[in-house]
Every structure is written in C-alpha cells, then in structure tokens.
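*Asks:* Before anything else, here's the structure in question.
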Amino acid sequence: MSSNTFHGIAAALALVLTLTAPAEAMAAPAGRAASKATPTVNVGGRELPAFAELVARHGPVVVNISATQSSRAPRAPYLQNDEDSLEVPGWLRRFIPKKAPSEPSTPRDEENQSLGSGFIIGADGYILTNAHVVEDADEILVRLFDKREFAARVIGTDKRTDIALLKVDATNLPQAVLGDPEQLRVGDWVLAIGSPFGFESSVTAGIVSAKARSLPDETLVPFIQTDVAINPGNSGGPLFNLKGEVVGINSQIYSRSGGFMGISFAIPIDVAMNVQQQLRLDGRVARGRIGVLIQDVTREMADSFRLPRAEGALVSGIDPGGPADKVGIKVGDVIQAFDGKAVANSVDLPRLVSATRPGTRAVMQLWRAGLTKQVPILIGEFPDDGAQAMQRPQPRTPVGANKLGLVTQDLSRDQKRELKLSAGASIREASGVAARAELRPGDVITAVTAQGVSTEIRSASHFNQIANGLGQGNAITLLVRRGDTQSFVGMKVPAGK
C-alpha cells in the first residue's frame, strides 16, 4: 500500500465514528416513536448533542446495499485510491465507489459492483435508496444491521429525483421514523449513518447549511444542504434530525477530488415518500406540467414591469398547444402563486406544478400589465426531456451603438425564416451594461418593457429609439431570442449616457 493511499484511508476513517449499538436495540418495535429531546454533554463548558442514544435507537433501520452489474467490455486500468491525485469532471458527484482493481485485458464478461446505503421504511421489507446505487443492477444484496443478508428486487426507480424503492422478503423489521423537512432550520444539527468506502454503520454529524437548494438540471428537488461528512458509499443513506427522525436521503456532494469537501446535499424525505408511493402503486411517477419557460425576476425587471417586489416566475416562453397556451398565458406574465402557494422565485414553480397530479385543476395568480389576475388551468403531464438544438443567427446591417452599449441590426430574410420571426433587432456588438448582462452577438431582441409598457421591436432603429429615449437609471427589460430559446434580460441605463 502506498503512503498516499494509506493517508487517504486514514483521513476517511478520521471523518467517521464507527457505530456499535447494543444488541437489544434490534428488538425495538417497528416505527418506534422518536425521543422528544436529545441528551447533551458538557465539553469545555459548552453543551453539545450526545448522539449515542439516537444512534443506538435508530441505527438498526440503516442497511448496506451491494449492487452487481454484469457487462461484456474491456477492463480499464485501475486508478489507485489516491483522492488527492484524481481530477473529477463536473462539480457535482454522486457517490458511486470505485471498482475493484484489475489488470487490463481483452473484452470479457466482468462484474462491476457498487456500494451504497439505504433505510427501511416498512416492517414488511420496503427500503429506500438512491436510483444511481442500483442502476442497471443484475443482483442487489441488502445487509441488515444484525448481519442478515437478503436479495432485493427493485419495485421502481425515478431518475429525476434519484429515488429507488426496493423490497426484501422479510417481516418484523425495524423501520424509520419520518420527520418534516419543513421544520428544519439552517444551523440545526443533523446526523448521517451509512457505509462510506464500505465501512458499514458509520456515523457523521454536522449542521444544515441551507434549504431548498436548486442544482443544475435538478429543478424538481429542493435539496437540503449540509456540512455532514458524506463520501462514496453514503449514497442513499438517511439524514436524521436530533429527534431521530429521517428528514432526507443523502444523494450528492460538491467535490473536486471525489471525496468530501464540506458540502453535501440530501433529498427531502417528503419528496422521496411521494415518489415511492407512486412507484409502489403505479410503477412510475406522473408529474404535472403547464408548458412554460420561466426565469427569475431581477430588481431591474421588477422596476420595468412596475412590480412591487422582485418576486415570482417570469414567463419567457410558451409551449404551443400546452396547458398554459390554452388558457391564454402570455410571455411577460409573472406567475406569483400556484394553487394558493406563493411563488417567490422561479425555482418554486416547477416543484409545485410537478407535485400536482396530471388532470387536476389549479388556479394561478399572475401579474400582467400592472394588474393581478386569477387564471384557472388544467394540469398536463410532464413529458420526457428533449434536447433543443441551439443555432446562432448571422448579423447584418449594423446600426450605431445606443445608451445600453448595443450595436444592433435588422434581421435578414434568412434569419426571419429560420427563427420564425417577423421582426426584431439582432445584436452585433455588446459592451458596458449590455455585456455585463451577458448579451451576445447573434442574440435577437424581440420586445422591450419600460415603465410598465411592453413594446414589440420592429427594427434595429426602432429599438435604438426606445433605448436612447430612456433617462439615466431607468430600468428596461429586453425579451431576447437565442437560437430556439428566449428569456428576459433586465438592466438599467448607466450614468453619463
């Protein structure tokens, strides 16, 4: 073993406290109520939580999961387990452990094994874990706290939320007590039990760092961010509050090395239970949709739309023939509430809509032209994700720079046909406040909103006339087309213009 490998393992061991609970804890009845308060210990004059009782009582609900995938492919050279030397692409890493060492060889049948964690939610053998732990598995083995092993079958998985529901043939199992993630506060203590690097029943603790985090391509899950030490093998394990209630499922980490760096994310347990219920009853998850593209409302946008606060989900696109299109939702509407629940940020809307059963009716509150409207809508069903090709239009016929630092031009006949636009102003150069707003050459401005009034742009000179007519500090919002997508961009006229 190299010194680097030894130090890597030693560091991992230093992050965890190996769980050893009395055997009588296994005899606790399923679904046993959580303790009302957590005992404390005095350390250096400070009262700190004493986790031992919580671990002894609730640790038996945690299981170790070993998933085996068979494939026929050439074996890749094995990377030594030196975490500091690994370069991991991307900033989010789900914790699938490395494969066992092997020598390079010609193609042949091989077995890849991934390790993870899970927890029991039913005394009759139902178990929750992450979908990526059991993805494409040919065989799944579940090891309980008392060392009993069971073959598990997959009831269903949902990749969008990374939830999997498993079943083992067993009865009278201890089961987790579930908590309410909404009651968590930033700064609250939380605790994780799992199998990092295969070290079963390891315990780590920390605090809630943030709530309702949105991650790239994960708009449907309001993640709980913590600083609990999470590593490969913890994936799918429970996150406990101090009452011993499961409030989340450990799912992802922020890492540049592949190991723990102080930021980890858990799926709220209420989201997971909603998913598992649909998987158990229907074998699939049905999600609502209304067919809109949305974005956040900035302070500049709020000023230009005459909104009292920079809140809500600004509609930047409509799916033709979709539920929103059928009830008359327009680009530029700001959705402020859905089915009685406030939409403070754009990330709130997908979560509320997706949690609504397709075919049900809801009422949306929106802001349009300075007025609040109540719009009833029939919820559709969320389709499979589809990629959209991005195409860059070619600039032509430049018009001089305006107050916003934009040089624009009229659309060519080919651009109009390709983008299906009748008019607009294509950006040739962007500097100053426009460049800081991330406008680019090739973007097409189709409409502007200023002082509460929205105007469609007929030409480059028309846009310049509007932009140059604004006073210093005035807010303006541009509706910008980029390839097949469009969005709103807000800014203010800078001083000295």
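*Asks:* Quick check: is even one residue across segment 128-140 closer than 18 Å to F51 by Cβ and at pLDDT 95 or above?
*Replies:* No - not one qualifying residue is present in segment 128-140.
*Asks:* Moving to a separate point now. Does at least one position in segment 145-152 carry a residue that is more than 17 Å from the chain's Cα centre (by Cα), open to solvent by 10 Å² or more (accessible area, probe 1.4 Å) and within 19 Å of H132 (Cα to Cα)? Spell out the reasoning first.
*Replies:* First, pick out the residues of segment 145-152 that are more than 17 Å from the chain's Cα centre (by Cα): 145-152.
From what's left, open to solvent by 10 Å² or more (accessible area, probe 1.4 Å): 145-152.
Filter once more, so that each one left must be within 19 Å of H132 (Cα to Cα): 151-152.
Yes, segment 145-152 contains a residue that is more than 17 Å from the chain's Cα centre (by Cα), open to solvent by 10 Å² or more (accessible area, probe 1.4 Å) and within 19 Å of H132 (Cα to Cα).
*Asks:* Check off (1) touching a Ser or Thr at 6+ places or on another chain (Cβ under 7 Å); (2) open to solvent by less than 10 Å² (accessible area, probe 1.4 Å); (3) of a type in the set (G, A, S) for G322 and give me the number that stays unchecked.
*Replies:* Unmet for G322, out of (1) touching a Ser or Thr at 6+ places or on another chain (Cβ under 7 Å); (2) open to solvent by less than 10 Å² (accessible area, probe 1.4 Å); (3) of a type in the set (G, A, S): (1).
*Asks:* Now, a different point. Please verify whether N345 is in contact with an Asp or Glu (Cβ under 8 Å, 6 or more places away or on another chain) and open to solvent by 20 Å² or more (accessible area, probe 1.4 Å), treating the condition exactly as stated.
*Replies:* Criteria met by N345.
*Asks:* Would you point out the residue of segment 120-132, among those that are closer than 12 Å to L165 by Cβ and not polar (S, T, N, Q), that is surrounded by the most Cβ atoms within 10 Å (Cβ to Cβ)?
*Replies:* Of everything passing the filter in segment 120-132, I127 is surrounded by the most Cβ atoms within 10 Å (Cβ to Cβ).
*Asks:* Does any residue of segment 457-473 turn out to be charged (D, E, K, R), open to solvent by 10 Å² or more (accessible area, probe 1.4 Å) and within 14 Å of Q409 (Cα to Cα)?
*Replies:* yes
*Asks:* Name the residues in segment 330-344 that are of a type outside the set (K, R) and out of contact with any strand residue (DSSP E or B) (no Cβ under 6 Å at 6 or more places or on another chain), would you?
*Replies:* Once the filter is applied, which keeps residues that are of a type outside the set (K, R) and out of contact with any strand residue (DSSP E or B) (no Cβ under 6 Å at 6 or more places or on another chain), segment 330-344 yields G340, A342, A344.
*Asks:* Out of the residues in segment 352-383 that are of a type in the set (S, T, Y) and surrounded by 14 or more Cβ atoms within 10 Å (Cβ to Cβ), which is farthest from the chain's Cα centre (by Cα)?
*Replies:* Looking at the filtered set, the residue picked out is T356.
*Asks:* Can you list the helices (runs of 4 or more DSSP H) lying wholly within segment 398-486 that have 3 or more residues being charged (D, E, K, R) and farther than 27 Å from G370 by Cβ?
*Replies:* 413-419
*Asks:* If you don't mind, there's one more thing I want to ask. For the structure I just gave you, tell me whether Q252 is at pLDDT below 95, part of a helix (DSSP H, G or I) and surrounded by 17 or more Cβ atoms within 10 Å (Cβ to Cβ). Step through it out loud before you land on a result.
*Replies:* Values: at pLDDT below 95: yes; part of a helix (DSSP H, G or I): no; surrounded by 17 or more Cβ atoms within 10 Å (Cβ to Cβ): yes.
Judged against the criteria, Q252 is not a match.
*Asks:* Of a type in the set (V, I, T), in contact with a Ser or Thr (Cβ under 9 Å, 6 or more places away or on another chain), at pLDDT 90 or above and within 25 Å of L48 (Cβ to Cβ): is that true of V246 in this structure?
*Replies:* So V246 fails the test.
*Asks:* Scanning segment 384-393 for residues that are loosely packed, with under 11 Cβ neighbours inside 10 Å and not small (G, A, S), which turns out modelled with the lowest pLDDT? Show your work before the answer.
*Replies:* Of the residues in segment 384-393, the ones loosely packed, with under 11 Cβ neighbours inside 10 Å are 384-390.
Subsequent filtering for residues that are not small (G, A, S) retains 384-385, 388, 390.
Numbers: D384: 50, D385: 41, Q388: 31, M390: 27.
Among them, the one singled out is M390.
*Asks:* Another question about this same structure. Output yes when any residue across segment 421-439 is under 17 Å from M301 (Cβ atoms) and open to solvent by 40 Å² or more (accessible area, probe 1.4 Å), and no when none is.
*Replies:* Yes.
*Asks:* Give segment 355-373 a look and list any residue that's closer than 21 Å to S454 by Cα and part of a strand (DSSP E or B), or say none.
*Replies:* Across segment 355-373, the qualifying residues are Q365, L366, W367, R368, L371, T372, K373.
*Asks:* What about A272, is it out of contact with any Lys or Arg (no Cβ under 6 Å at 6 or more places or on another chain) and assigned to a strand (DSSP E or B)? Let's see the steps before the verdict.
*Replies:* Working: out of contact with any Lys or Arg (no Cβ under 6 Å at 6 or more places or on another chain): yes; assigned to a strand (DSSP E or B): no.
So A272 fails the test.
*Asks:* How many residues does segment 193-222 contain that are part of a strand (DSSP E or B), among the acidic types (D, E) and at pLDDT 85 or above?
*Replies:* 0
*Asks:* Shifting gears a bit: Identify, from the list S316, S354, S304, the residue that is within 30 Å of S235 (Cβ to Cβ) and in contact with a strand residue (DSSP E or B) (Cβ under 6 Å, 6 or more places away or on another chain).
*Replies:* Numbers: S316 fails: within 30 Å of S235 (Cβ to Cβ); S304 fails: within 30 Å of S235 (Cβ to Cβ).
The match here is S354.
*Asks:* Here's something else I'd like to know. Return the only residue of R160, R185 being open to solvent by less than 70 Å² (accessible area, probe 1.4 Å) and farther than 16 Å from G122 by Cβ. It would help to see each step written out before you state the result.
*Replies:* Values: R185 fails: open to solvent by less than 70 Å² (accessible area, probe 1.4 Å).
Exactly one of R160, R185 is open to solvent by less than 70 Å² (accessible area, probe 1.4 Å) and farther than 16 Å from G122 by Cβ, namely R160.
The values are calculated or read from the model by the stated rules, or taken from the named source; none is laboratory data. In this text, all values refer to a predicted model and were calculated from it rather than measured experimentally. As a convention, Cβ positions derive from the backbone with ideal geometry for all residues, glycine included, and neighbour counts pool all protein chains shown. Heavy atoms of the whole protein, side chains included, go into the accessibility calculation; ligands, DNA and RNA do not. Shrake-Rupley method; radii C 1.70, N 1.55, O 1.52, S 1.80 Å.
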